[in-house]
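Reviewing the structure listed below.
The values are calculated or read from the model by the stated rules, or taken from the named source; none is laboratory data. Since this is a predicted model, take the numbers as computed values, not measurements. Because the Cβ atoms are built from the backbone with ideal geometry, glycine has one as well, and the counts that use them run over all protein chains shown. All accessible areas refer to the heavy atoms of the entire protein, side chains included, with ligands and DNA or RNA removed. Shrake-Rupley method; radii C 1.70, N 1.55, O 1.52, S 1.80 Å.
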Amino acid sequence: MQTPARESAGSSVEDGGDLIAAAWESIRANLRRDCGARTFDGWLRPIALGGFDADSGALRLQLPSQFMADWVQTHFAERLALAWKAQLPQVRQIRIGVGPAAPRTAAAVEIPASPEETRPEPKGIYSVALEPRYRFENFVVGKANEVAFSAAQTLATADKVAFNPLFIHGGTGRGKTHLLHAIGHEFHRVRPRAKIIYMSAEKFTVEFLAALRANETFKFKQQLRSADLLMIDDVQFIAGKESTQEEFFHTMNEIISAGRRFVISSDRAPQDLDGLEPRILSRLSWGLVADINAADLELRLNIITKKLESLPEVKVPGDVVMFLAKRISSNVRELEGALNRIAAYAAMQNRAIDLDFVGEVLANILRANQRRISIDEIQTRVSDHYRIRKAEMTSARRAREVARPRQVAMYLSKQLTPRSLPEIGRRFGGRDHTTVIHAVKQIEKLRAQDAELDADIRLLTRQLES
Ligand code: ADP
Ligand code: MG
């Protein structure tokens, strides 16, 4: 005679949990093989096992947000149910919902003693995996980021905002993602029931293409439209990908028209995004475009100080703090990385943190930050290389023999210096930033076809970097 499911689950919680966890392991492995790593990592890996109700045979699967739960429900509910039936017949139905998605180990799977475990669905939907550290309180404000910061705060808290979308742009490691997450946390705090969606543009693209293949773009859009706050990070990833780009900006329009808030981040200004249509550009300019500049010395000092507050066991003398702020100027991420490295090495080697120690531990980072290439140097090198007068770099002459080297120099300036496109344009005889964009694209294209040009650029890059 078969043991009724209820008894087996009731008699040993551990055994039931192990059984379910083992089945889940094998189901996951199959799903990963069948769906591909991307879909699996994006949607299926975050699924956590919830409780199992032996009476009804219902197993709860939990995702970190309603949006993800809906998506998995639509795309995988049937498949998951079938897989469970095949692996473990006691599981007769699955319930997909929102819950903590911490991956549970076999031993941690709970089989509730009583069947009424099903928790009420949370009303407010907290977004996909917001980083707890990325809050406004932890964001240090300075000249470089004050506009973006206050716009972000306004967007998160105000009842009505005069601008929508908010477009935050700036180079890597300057705090864009931090601000987006902070907006999410704050919006949630003020409106606990609001639906928040945060996703990278890369994820947007993957999801959109998957929906397209499955003929479910409508549903996909509906889910996005249902958000009170939608945030898309690193939108430069979408630019240039025609179908996704169009879809993205359509969705953006709909969300804005519906009075929902929209935040976008990008590593460059809207006008520098690849192939963005003029009507989209103008739509973006109805909103607020705020940039984050490179942190100046004062801001870098404040960031170090703030960061050290959270590391009370790490004693860093003032001269070291100043040294770091002065020498690590590339971006905040690198500054943080340097501090973490110092803290880790000091603890490991049980050494006092002084200038010698820091010089040793950070040798590589310091070297990388030292190499400051100027536009002037680039212009000198390039005109030498092509044997033209340096004055041609800023002249208006358009003859091929000077125009091409000039383009190469603009291209290298973009690649090797942190200067913005308008700045580069100015340094090349007051040219417009669109001329610089054109030069960069032109050289990128030519490099791919012309081995000689490619070799020139490699050589020049090496010379400039050494
Ligand atoms: P981005 O998205 O612009 O590349 P991030 O938001 O990922 O940059 O920031 C990189 C790291 O630097 C993060 O750990 C972030 O918390 C930190 N950071 C950046 N700017 C600031 C700031 N103004 N105050 C405190 N931390 C910052
Ligand atoms: Mg980022």
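Details
- Positive-end extreme of charge dipole, the chain - chosen from 353, 337, 149 (charges on Cβ): 149
- Computed with a 1.4 Å probe over protein heavy atoms only, the accessible area of residue 289 comes to about 60 Å².
- Radius of gyration over Kirkwood radius for segment 375-465, both on Cα atoms: the Rg/Rh ratio is 0.92.
- Peptides 320-331, 136-147, 212-223 ordered by average Cβ neighbours within 10 Å, highest first: 320-331, 136-147, 212-223
- Between the residues 57, 324, 417, the greatest Cα displacement towards the positive end of the dipole of the chain, with unit charges on the Cβ of Lys, Arg, Asp and Glu, is found for 417.
- At 0.890 mPa s and 25 °C, Stokes diffusion of the chain via Kirkwood alpha-carbon radius, µm² per second: 95 µm²/s
- A simple charge model with +1 on the Cβ of Lys and Arg, -1 on the Cβ of Asp and Glu and nothing else charged puts the dipole of segment 136-292 at about 500 debye relative to its Cα centre.
- The Cα center of segment 390-457 and the Cα center of segment 267-322 differ in position by 27 Å.
- Taking only Cα atoms of segment 159-280, radius of gyration then Dmax in Å: 14.0, 39
- Residues whose amide H falls under 5 Å from that of residue 288, counting only those 5 or more places apart or on a different chain, are 164, 166, 167, with hydrogens built in the peptide plane.
- Selection from 439, 382, 455, by position along the positive dipole direction of segment 375-465 (Cβ): 439
- Point-to-point label distance, residue 81-residue 141, nm (Cα→Cβ direction, 7 Å offset): 5.2 nm
- Heavy-atom accessible surface of residue 288, to the nearest 10 Å², is about 50 Å², with a 1.4 Å probe and all protein chains retained.
- Helical contribution to [θ] at 222 nm, DSSP H n ≥ 4, -39,500 (n - 2.57), averaged over the chain, rounded to 500: -17000 deg cm²/dmol
- In summary, the lysines within cross-link reach of residue 221, defined as a Cα separation below 16 angstrom excluding same-chain residues under 8 places away, comprise 195, 203.
- Probe 1.4 Å - accessible area at residue 176, Å² to nearest ten: 10 Å²
- Near-label residues of segment 262-293 by backbone N, under 15 Å of a point 7 Å along Cα→Cβ of residue 432: 271-272, 278
- Relative to the 2.2 N^0.38 Å rule of thumb, segment 352-392 has a C-alpha radius of gyration ratio of 1.95.
- Only the Cβ atoms of Lys and Arg (+1) and of Asp and Glu (-1) were treated as charged; on that basis the dipole of the chain about its Cα centre amounts to roughly 1420 debye.
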